[in-house]
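The values are calculated or read from the model by the stated rules, or taken from the named source; none is laboratory data. Keep in mind the model is a prediction, meaning the values are calculated, not measured. Note: ideal-geometry Cβ built from the backbone for every residue, glycine included; neighbour counts use all protein chains shown.
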Amino acid sequence: MAVIFGSNELAADVLTGGLCVGCGACVDLCPYFKSHLGRTARLFACDLKQGRCYAHCPKAEVDLGELAQACWNGPYEGLPLGRYRRIAMARAGAKAPKGNFQGGGTVSAITASALAARTIEAAVLTGREGLVAVPMLVTDPNDVTGAAGSKFMAAPTLSALNRAVRDGRRNIGVVGTPCQITAVAQMRQNPLGREDFTDPVGLAIGLFCTWALDTRKLMPVVAECVGDTCILAMDVPPPPAEIMVVDTDRGKAEIPLSKIRPLVPHGCHICPDMTSEWADVSIGQVEGMPGWNTLIVRTAKGDQAVDAAVHSKFLEVREFPQELKRALEKAGAGKKARAVRTAAEEGRLNTTGEQNRAALRMPPAAIERITGHTL
């Protein structure tokens, strides 16, 4: 079993250690951890030797081998896209709520379909207030599009899940980035062995992600570029664009990625997951095909959700081109290799000894597959 510590170790390894990505997994479990403008802080000390805050954190002793056994009943192999059943192109169908979608609206369509069918009772999403990403809990399918569009910022989304569970909600849908979905996967394993535990998650929808941004650092950069305007949407076009596009009520503005990359939290650099491998379904953009999403179906529950959305005309799917699949696998493999090498160089991978806690653990065979050699 993965070693689980308490909030003192979490604060030292993740908060002070510079790995926090602001996912919200530790927020609102207890009164001690809070989030403000995308940054997580511990307000009070805690003497518990083990805590859910540490057990759920996606940057503290994450054992991918154990997670793979629990989720897939098999080893962690370091596959570029993780395990899956099928890959397709998808977009919102005729019955899906209309919204300002970033791509094809697939995330909103599947979420709204599951809410409409009562497959899930509520959904945890990420909205935005100005530039700041904020957690949302919705129960009405028509409210889902209020969270449409990419945020590109660290968001304490999982704090809304923690609050919903505390309030007695169950069968909750969760839309999250790879780090958030990793935290959800760990939560669902009942890591502290609580006798009263029931899995609260009805459907995990993962987003593709290569990095997020520190909200506090991003705010002055955006303000310098667009001034006092209302931000409507943000996008990072595929290479070779090398820009972030900010859509405001006064028009569009462009920020060079050379100004954006330094704002990426360091914890993103040791994340080996580009496609939310622990989700039921994973969704991202299709490069060169505006209005469509890549849809990766990973579990039986994901299959059921997609088939139901197609049947009810909330979703439309098409065959995924093989050349795009190869490009996606190359990108996923590249992120894995960079993350594993960085974690190893920084002493955060498979470390041993009581004072050498790891951020990430994975089998040597997977490391060799990812990097081409044993680290």
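Please go through (1) in contact (Cβ under 8 Å) with a residue 12 or more places away in the chain; (2) more than 17 Å from R261 (Cα to Cα) for D228 and return the number of the only condition it doesn't satisfy.
In the conditions (1) in contact (Cβ under 8 Å) with a residue 12 or more places away in the chain; (2) more than 17 Å from R261 (Cα to Cα), D228 misses (1) alone.
Taking the range 25-70 as the search range and keeping residues that are without any contact (Cβ under 8 Å) to a residue 12 or more places away in the chain and farther than 23 Å from N350 by Cβ, which one is surrounded by the fewest Cβ atoms within 10 Å (Cβ to Cβ)?
Here the answer is H36.
Could you tell me how many of the residues in the range 113-154 are of a type outside the set (D, E, K, R), within 21 Å of C268 (Cβ to Cβ), in contact with a Ser or Thr (Cβ under 9 Å, 6 or more places away or on another chain) and not in a strand (DSSP E or B)?
2
Report, by residue number, each residue of the range 109-152 that is without any contact (Cβ under 8 Å) to a residue 60 or more places away in the chain and among the β-branched types (V, I, T).
Matches in the range 109-152: V124, T126, V134, V138, T139, V144, T145.
When only residues in the range 164-187 that are without any contact (Cβ under 8 Å) to a residue 40 or more places away in the chain and not small (G, A, S) count, which is farthest from Y54 (Cα to Cα)? Break it down into steps so the answer makes sense when it comes.
At the first step, the residues of the range 164-187 found to be without any contact (Cβ under 8 Å) to a residue 40 or more places away in the chain are 165, 167-168.
Among the residues that remain, those that are also not small (G, A, S) are: 165, 167.
Numbers: V165: 18, D167: 21 Å.
Among those that are without any contact (Cβ under 8 Å) to a residue 40 or more places away in the chain and not small (G, A, S), it is D167.
What are the residues in the range 71-112 that are surrounded by fewer than 24 Cβ atoms within 10 Å (Cβ to Cβ) and in a strand (DSSP E or B), if any?
R86, I87, A88, M89, R91
Report, by residue number, each residue of the range 279-308 that is of a type in the set (G, A, S) and at pLDDT 95 or above. It would help to see each step written out before you state the result.
First pass over the range 279-308, keeping only residues of a type in the set (G, A, S): 279, 282, 284, 288, 291, 300, 302, 305, 308.
Answer for the range 279-308, where residues must be of a type in the set (G, A, S) and at pLDDT 95 or above: A279, S282, G284, A300, G302, A305, A308.
Any idea which residue in the range 319-375 is surrounded by the most Cβ atoms within 10 Å (Cβ to Cβ), counting only those that are in a loop (DSSP other than H, G, I, E, B) and touching a helix residue (DSSP H, G or I) at 6+ places or on another chain (Cβ under 7 Å)?
Going through the range 319-375, the residues in a loop (DSSP other than H, G, I, E, B) turn out to be 320-321, 346-348, 350-359, 362-363, 372-375.
Applying the additional criterion that residues be touching a helix residue (DSSP H, G or I) at 6+ places or on another chain (Cβ under 7 Å) yields 348, 357, 359, 362-363, 374-375.
Values: R348: 21, R357: 20, A359: 23, M362: 26, P363: 17, T374: 8, L375: 14.
Among those residues, the one meeting the criterion is M362.
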